[in-house]
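Undergrad: I am attaching a structure below and will ask some questions about it afterwards.
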Amino acid sequence: MTRADGADAVPDVVRDATGEALAAVRTLGAGAPVLAFDVGGTDIKSALFDANGSALGLRRTPTPIADGDRTQVLLERLEVLADELRAAHPDVVPQAVGLVVPGIVDAEAGLGVFASNLGWHDSPLRDLATERLGLPVGFDHDVRAASWAERRLGGARDYADAVVLVIGTGIAGALLIGGIPHTAGGYAGEIGHSPIADGPICACGARGCLEAVASAGAIARRYREATGVTPDGAKDVIARAAAGDEVAAEIWDSALDALTMSLAQLTAVVAPEAVVIGGGLSRAGGALFDELRTRLAARLSFHRLPVLVPAELSGNAGLLGAGLRARELT
């Protein structure tokens, strides 16, 4: 594939860092055509949603690399992707753009407040993207947008008060209160960086963050550090635990305890009707969900126990959330 101007196209990424292939996207439903971009530290998901809500030209491409602040190289890449989508589907004219990014995000101000892996501080991403792409831009945090998509289209649609928890290489979260995302200037929902122990030191610099103990990345790392054996991800550690590996069992048990502690705190403070769990670790099925249900019930007393349900939109929730945010502007 080449760009309309003859330059080489941006290469596609077939699988993400966890090995997951890009799956089909659920429809947004009828509405205005929009462009949608879900930016991650290593790759970007992009698509053009047509008037029926179908995703056209769905791709995953590398996030451009640069020293320091990656704002400008990212905007250049988004412009290329937008041009390619428009050229490939000239009969679909987008009316707005949805852009979601990681880190600390002030959606109302349109700022990427901070993203360690993308290098920006108070970057006016929404306004810069609007200028670059020539369309109004709906801007949000990636996991918060994913939670909104789960609320509108997926596992949280029956629950006005919910926590969406994405457990992958790290742990990200979002809060829905009264059916509306709770943002607090972009600082709310950092469940992965809530302290549940005195250690280990987290990559963020704090001690004992949930992410440092119970994320899929942490589970694999802890097993490697304890045994010298590199597992095939967290799923391999869980399988080893089920097969009688005592080290794997201890690590998995401590991860479950940490997740239970975090969910117990959320239940006591926020009282969600449901906790919607996505990300790679959610594919552990009963080994995760059944254990968390049992441990959470044993940990609490008078509290309203939340329903624990799997996320339904897989790795495309952020892209769908971007599409929804864009349509809100039309």
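The values are calculated or read from the model by the stated rules, or taken from the named source; none is laboratory data. As the structure is a prediction and not an experimental result, all values here were calculated from the model. So basically every Cβ, Gly included, is an ideal-geometry build from the backbone, and we count neighbours across all protein chains shown. Quick note on the areas: whole protein, heavy atoms, side chains included, nothing else; ligands and nucleic acids left out. Shrake-Rupley method; radii C 1.70, N 1.55, O 1.52, S 1.80 Å.
Undergrad: Looking at the stretch 269-282, which of its residues are part of a helix (DSSP H, G or I) and crowded, with 18+ Cβ neighbours inside 10 Å?
TA: Start the filter on the stretch 269-282 by keeping residues that are part of a helix (DSSP H, G or I), which leaves 269-270, 280-282.
Once the filter is applied, which keeps residues that are part of a helix (DSSP H, G or I) and crowded, with 18+ Cβ neighbours inside 10 Å, the stretch 269-282 yields 280, 281, 282.
Undergrad: Still on this model: Please find, within the stretch 240-253, the residue that is most open to solvent (accessible area, probe 1.4 Å) out of those that are small (Gly, Ala, Ser) and either farther than 17 Å from residue 286 by Cβ or part of a helix (DSSP H, G or I) (or both). Step through it out loud before you land on a result.
TA: So the first thing to find is which residues in the stretch 240-253 are small (Gly, Ala, Ser), and the list is 241-244, 248-249.
With either farther than 17 Å from residue 286 by Cβ or part of a helix (DSSP H, G or I) (or both) added as a condition, the list becomes 241-242, 244, 248-249.
Details: 241: 21, 242: 94, 244: 55, 248: 0, 249: 39 Å².
My answer is 242.
Undergrad: Here is a follow-up. Out of all the residues in the stretch 227-239, is one or more open to solvent by 60 Å² or more (accessible area, probe 1.4 Å), under 30 Å from residue 151 (Cα atoms) and hydroxyl-bearing (Ser, Thr, Tyr)?
TA: No, the conditions are met nowhere in the stretch 227-239.
Undergrad: Here's another thing I want to ask about it. Which one of these is in contact with an Asp or Glu (Cβ under 7 Å, 6 or more places away or on another chain), part of a helix (DSSP H, G or I) and in contact (Cβ under 8 Å) with a residue 40 or more places away in the chain: 256, 266?
TA: 256
Undergrad: For the structure I just gave you, tell me whether residue 8 is modelled with pLDDT under 95, more than 23 Å from residue 140 (Cβ to Cβ) and more than 24 Å from the chain's Cα centre (by Cα). So that I can check it myself, show each step before the final result.
TA: Working: modelled with pLDDT under 95: yes; more than 23 Å from residue 140 (Cβ to Cβ): yes; more than 24 Å from the chain's Cα centre (by Cα): yes.
Spelling it out, residue 8 is indeed modelled with pLDDT under 95, more than 23 Å from residue 140 (Cβ to Cβ) and more than 24 Å from the chain's Cα centre (by Cα).
Undergrad: Also, I was wondering about something else. Take the residues in the stretch 203-226 that are outside any helix (DSSP H, G or I) and hydrophobic (A, V, I, L, M, F, W, C); name whichever of them is most open to solvent (accessible area, probe 1.4 Å). Working first, answer last.
TA: Going residue by residue through the stretch 203-226, those that are outside any helix (DSSP H, G or I) are 203-209, 215.
Checking which are hydrophobic (A, V, I, L, M, F, W, C) leaves us with 203-204, 206, 209.
Details: 203: 105, 204: 76, 206: 42, 209: 1 Å².
Step by step, filter the stretch 203-226, then rank; the result is 203.
Undergrad: Which of the residues spanning the stretch 148-171 are open to solvent by 30 Å² or more (accessible area, probe 1.4 Å) and in contact (Cβ under 8 Å) with a residue 12 or more places away in the chain? Steps first, answer last, please.
TA: First, the residues of the stretch 148-171 that are open to solvent by 30 Å² or more (accessible area, probe 1.4 Å): 148, 151-153, 157-161, 166, 169.
148, 151, 152, 153, 158, 159, 160, 161, 166, 169, listed by residue number.
Undergrad: Hey, any hits in the stretch 303-315 for a residue that's part of a helix (DSSP H, G or I) and either over 21 Å from the mean Cα position of the chain (by Cα) or more than 15 Å from residue 156 (Cα to Cα) (or both)?
TA: Start the filter on the stretch 303-315 by keeping residues that are part of a helix (DSSP H, G or I), which leaves 314-315.
Filter once more, keeping what is either over 21 Å from the mean Cα position of the chain (by Cα) or more than 15 Å from residue 156 (Cα to Cα) (or both): 315.
Yes; the residues of the stretch 303-315 include at least one that is part of a helix (DSSP H, G or I) and either over 21 Å from the mean Cα position of the chain (by Cα) or more than 15 Å from residue 156 (Cα to Cα) (or both).
Undergrad: Quick check, is residue 145 free of Cβ contacts under 8 Å to residues at least 60 places away in the same chain, open to solvent by less than 40 Å² (accessible area, probe 1.4 Å) and in a helix (DSSP H, G or I)?
TA: no
Undergrad: Limited to the stretch 102-130, what total is found for residues that are under 17 Å from residue 144 (Cα atoms), open to solvent by 60 Å² or more (accessible area, probe 1.4 Å) and assigned to a loop (DSSP other than H, G, I, E, B)?
TA: Number of matching residues: 1.
Undergrad: Evaluate the stretch 312-327: report whether one residue or more is modelled with pLDDT of 95 or more and charged (D, E, K, R).
TA: Quick first cut of the stretch 312-327, residues modelled with pLDDT of 95 or more only: 319-327.
If we keep only those that are charged (D, E, K, R) as well, we get 325, 327.
Among the residues of the stretch 312-327, at least one is modelled with pLDDT of 95 or more and charged (D, E, K, R), which makes the answer yes.
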